[in-house]
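K.L.:
Got a structure for you, questions after.
Nothing in this text is a laboratory measurement; each read-out follows from the coordinates by a stated rule. Quantities reported herein were computed from a predicted structural model and do not represent experimental measurements. Note that each Cβ is placed from the backbone with ideal geometry, even for glycine, and that neighbours are counted across all protein chains shown.
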Amino acid sequence: MAQIDHTVHVALGERAYDILIGPDLLAEAGAILADKFPGRRFGIVTDENVARAQLPRLTAGLDKAGLHYETVVLPAGEATKSYAMLERVVEGLLAARLERGDLVIALGGGVIGDLAGFAASVTRRGMDFVQMPTSLLAQVDSSVGGKTGINSPHGKNLVGAFHQPKLVLADLSALDTLDRRQFAAGYAEVVKYGLIDDPEFFEWLDANLGEIFEGGPARGEAVARCCAHKARVVIEDEKETGVRALLNLGHTFGHALEKDTGYGDRLLHGEGVSIGMVLAHRFSTELGLAPGQDAGRVVAHLKRAGLPTTLADIPGTLGSTQDLMAAIAQDKKVQRGALTFILTKGVGQAFIEKGVEPGRVAAFLDAVR
Ligand SMILES: NC(=O)c1ccc[n+]([C@@H]2O[C@H](COP(=O)([O-])OP(=O)(O)OC[C@H]3O[C@@H](n4cnc5c(N)ncnc54)[C@H](O)[C@@H]3O)[C@@H](O)[C@H]2O)c1
Ligand SMILES: O=C(O)C(=O)C[C@@H](O)[C@H](O)[C@H](O)COP(=O)(O)O
Ligand SMILES: [Zn+2]
């Protein structure tokens, strides 16, 4: 019997699903899948690191439950969110003769979740999929809410679909094999929830950061609170026509930095979000919207987590402000050519600002470089 510490229900009508959070869910996944999806077959998509560290725990349980599965193993890292890897996954699923009624399993971090979810959405015009997030980032953010996709040479996540999973299994013990840099990158998205509209959560994180990083009970609570927060937002605005844009705090800057640094090891997504959230606070201060000391609190907390907080923390040379502005112009929140930013009045008081003048953003970037 699986131990489930927390359940979050994502109430999306006929697309509703549960997020189950517990200590050993990969090992129990075979029994859970056999019960929820009787008679179905499975296509596991994962990356080389996760195949080494976590896949055997999953397949042992699938074997025990007598389930049929095929596995596609991809290179690890952000560069895998590409057209070439999308083709590899789709062709792998087809070669395995998985039917439309079978399920894709995304076993890995956000890269695998986004790519495999998108592949599921287009293969045979739409297969169901299950998220089995193994990074902190994927457990608190990317496995929930149905944003799937890949990067384009024009920018981050520019090709994709909203495609909700049928189930999310977040196995907390999977995080034991994640390295510290990746854990910290995921933690940036944890902090994001506090900064959006939950100052009490930000305070709680400040008090529990050590325990979260060391793997104490606060870690599971943090994952559950983030999932509950994200589920609330997604239920209200599944396709990002309104409040969901708040989940993009720090991402307009962050995505531009990820593109500029080539989607590689120089800057992980969560690290870009960390710097982006600081820039969003500083830009808000610059515009006279937020007190300067709130940006200071954010920087201090992110630094405690070992995260980068300034452009100078990014190794190597960044492109010009013009290059960054060109990337920002491709942001999916752009409407009729006008920029939208998530700005803030202070910790836990983020808001959506449409029609931000590009000249002001460029001047701000020039000033902080
Ligand atoms: N869809 C969404 O709503 C959403 C939300 C946030 C981020 N994202 C996307 O998620 C991606 C980032 O996700 P990520 O930070 O998980 O990156 P990732 O998928 O690259 O995983 C990070 C690294 O950790 C390794 N790894 C993962 N789990 C492991 C484990 N348990 N043990 C050992 N190694 C493990 C991976 O192999 C990889 O090298 C970005 O592409 C970002 O755009 C999407
Ligand atoms: O779920 C959302 O909505 C988010 O914005 C969550 C973000 O953390 C995530 O990085 C997402 O992929 C960004 O979406 P995008 O639409 O800006 O590409
Ligand atoms: Zn993100």
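K.L.:
Give the long-range amide H neighbours of Val72: residues separated by 5 or more places, or on another chain, with amide H under 5 Å away, using H modelled in the peptide plane at 1.01 Å from N.
P.N.:
When sequence neighbours closer than 5 places are left aside, the close amide H contacts are Ile44, Val45, Thr46.
K.L.:
Under the classification rounded if a/c is under 1.5, otherwise prolate if a/b is larger than b/c and oblate if not, where does region 298-369 fall, given a ≥ b ≥ c as square roots of the Cα gyration tensor eigenvalues? Can you show the working numbers first?
P.N.:
Details: a/c = 2.22, a/b = 1.21, b/c = 1.83.
Oblate shape, in that a/c is at least 1.5 and b/c is the bigger or equal ratio.
K.L.:
Something else about it: I'd like the Kirkwood hydrodynamic radius of region 6-177, using the inverse of the mean 1/r over distinct C-alpha pairs, in Å.
P.N.:
Taking every pair of different Cα atoms in region 6-177, averaging 1/r and inverting gives 15.5 Å.
K.L.:
Tell me which residues come under 5 Å, amide H to amide H, from Val334 once H is placed; ignore anything under 5 positions away on its chain.
P.N.:
Thr340
K.L.:
Continuing with the same structure: Tell me which trypsin sites (Lys or Arg not before Pro) from region 34-127 have a DSSP coil assignment and no more than 10 other beta carbons within 10 Å of their own.
P.N.:
In loop regions of region 34-127 (DSSP not H, G, I, E or B), the sparsely surrounded trypsin sites (Lys or Arg not before Pro) are Arg97, Arg100.
K.L.:
Another question, then. If Lys and Arg each add +1 and Asp and Glu each add -1, what is the summed charge of the other residues whose beta carbon sits under 14 Å from the beta carbon of Ala29? Let's see the in-between values first.
P.N.:
Numbers: positive: Lys36, Arg40, Arg57, Lys64, Lys166; negative: Asp18, Asp24, Glu28, Asp35, Asp63, Asp171.
Net local charge, Ala29 excluded: -1.
K.L.:
Mind listing the phi-derived Karplus ³J(HN,Hα) values for region 32-38, rounded to whole Hz, using 6.51, -1.76 and 1.60 with θ = phi - 60°, and x for any glycine or proline?
P.N.:
Working through the residues one at a time gives 5, 5, 4, 6, 7, 10, x Hz.
K.L.:
Also, I was wondering about something else. For the Cα atoms of the chain, what angle does the longest principal axis make with the long axis of helix 217-236, in degrees from 0 to 90, nearest 10?
P.N.:
Here the helix axis deviates by roughly 80 degrees.
K.L.:
Between rounded, prolate and oblate, where does region 280-328 land on the alpha carbon gyration tensor, with a ≥ b ≥ c its root eigenvalues, rounded for a/c under 1.5, else prolate if a/b exceeds b/c?
P.N.:
Here region 280-328 falls in the oblate category.
K.L.:
What list of ³J(HN,Hα) values in whole Hz, one per residue of region 343-350 in order, does the Karplus curve 6.51 cos²θ - 1.76 cosθ + 1.60 (θ = phi - 60°) give from phi, with Gly and Pro shown as x?
P.N.:
My calculation for region 343-350 gives 10, 8, 9, x, 4, x, 9, 6 Hz in order.
K.L.:
Along its three principal axes, how long is region 89-240 when you only count alpha carbons? Whole Å, largest extent first please.
P.N.:
50, 32, 30
K.L.:
Tell me the relative contact order for the chain as a rounded percent, counting alpha carbon contacts under 8 Å between residues six or more apart. Intermediate results must be reported in sequence, preceding the final value.
P.N.:
Details: 714 pairs, mean separation 54.1, N = 369.
Computed over the chain, the figure is 15 percent.
K.L.:
Would you list the P(r) distribution for the chain, with all Cα-Cα distances sorted into 20 Å bins from 0 and each bin expressed as a whole %?
P.N.:
That works out to 31, 58, 11, 0, in percent per bin.
K.L.:
Okay, next question. Within the set of other residues whose C-beta is less than 15 Å from the C-beta of Leu74, count the net charge using Lys and Arg as +1 and Asp and Glu as -1.
P.N.:
-4
K.L.:
With everything on Cα atoms, drop me the angle between helix 269-286 and the longest principal axis of the chain, reported from 0 to 90° to the nearest 10.
P.N.:
30 degrees
K.L.:
Please compute the contact order of region 6-177 in relative form: average sequence separation of alpha-carbon pairs under 8 Å and at least six residues apart, divided by the residue count, as a percent.
P.N.:
Averaging sequence separation for qualifying contacts and normalising by length gives 26 percent for region 6-177.
K.L.:
Shifting gears a bit: For Asn157, which sequence-distant residues (separation of 5 or more, or a different chain) have an amide H within less than 5 Å of its own amide H, given hydrogens modelled in the peptide plane?
P.N.:
The answer is Asn151, Ser152.
K.L.:
Can you tell me the equivalent ellipsoid semi-axes for region 230-287? Use √(5λ) from the Cα gyration tensor, largest first, whole Å.
P.N.:
Numbers: eigenvalues 104, 51, 15 Å².
The answer is 23, 16, 9 Å, longest axis first.
K.L.:
Could you grab the relative contact order for region 248-369? Cα pairs under 8 Å, six or more apart, rounded to a whole percent. If you can, show how the numbers build up before the last one.
P.N.:
Details: 167 pairs, mean separation 33.9, N = 122.
Once normalised by length, the contact order is 28 percent.
K.L.:
Taking the Cβ of Lys332 as the center, what net charge do the other residues with Cβ under 12 Å away carry, scoring Lys and Arg +1 and Asp and Glu -1?
P.N.:
Local charge sum for Lys332: +3.
K.L.:
Continuing with the same structure: Hey, could you grab the Kirkwood Rh for region 18-85? Inverse mean 1/r over distinct alpha carbon pairs, Å, one decimal.
P.N.:
Taking every pair of different Cα atoms in region 18-85, averaging 1/r and inverting gives 13.1 Å.
K.L.:
Sticking with this one: Mind checking the angle between helix 180-197 and the chain's longest principal axis? C-alpha axes, 0 to 90 degrees, to the nearest 10.
P.N.:
Around 70 degrees separate the two axes.
K.L.:
May I pose another question? Using alpha carbon coordinates only, what is the Rg to Rh ratio of region 247-369, with Rh defined as the Kirkwood radius?
P.N.:
My calculation puts Rg/Rh at 0.93.
K.L.:
To one decimal place, what orientation-averaged projected area in nm² is obtained for the convex hull of the Cα set of region 69-147?
P.N.:
4.7 nm²
K.L.:
Turning to a different aspect of this structure: Taking the Cα centre of each part, how many Å lie between region 310-355 and region 26-75?
P.N.:
Taking the Cα centre of each part, region 310-355 and region 26-75 sit 39 Å apart.
K.L.:
Once phi is turned into θ = phi - 60°, what whole-Hz ³J(HN,Hα) does the Karplus curve with 6.51, -1.76 and 1.60 give for every residue of region 301-316, x standing for Gly and Pro?
P.N.:
5, 5, 5, 4, 7, x, 8, x, 10, 9, 4, 5, 6, 7, x, x
K.L.:
How would you classify region 178-270 from its alpha-carbon gyration tensor, with a ≥ b ≥ c the square roots of the eigenvalues: rounded for a/c under 1.5, else prolate if a/b is greater than b/c, otherwise oblate? Don't skip to the end; give the middle numbers.
P.N.:
Values: a/c = 2.07, a/b = 1.06, b/c = 1.94.
Taking the square roots of the gyration eigenvalues as a ≥ b ≥ c, region 178-270 is oblate.
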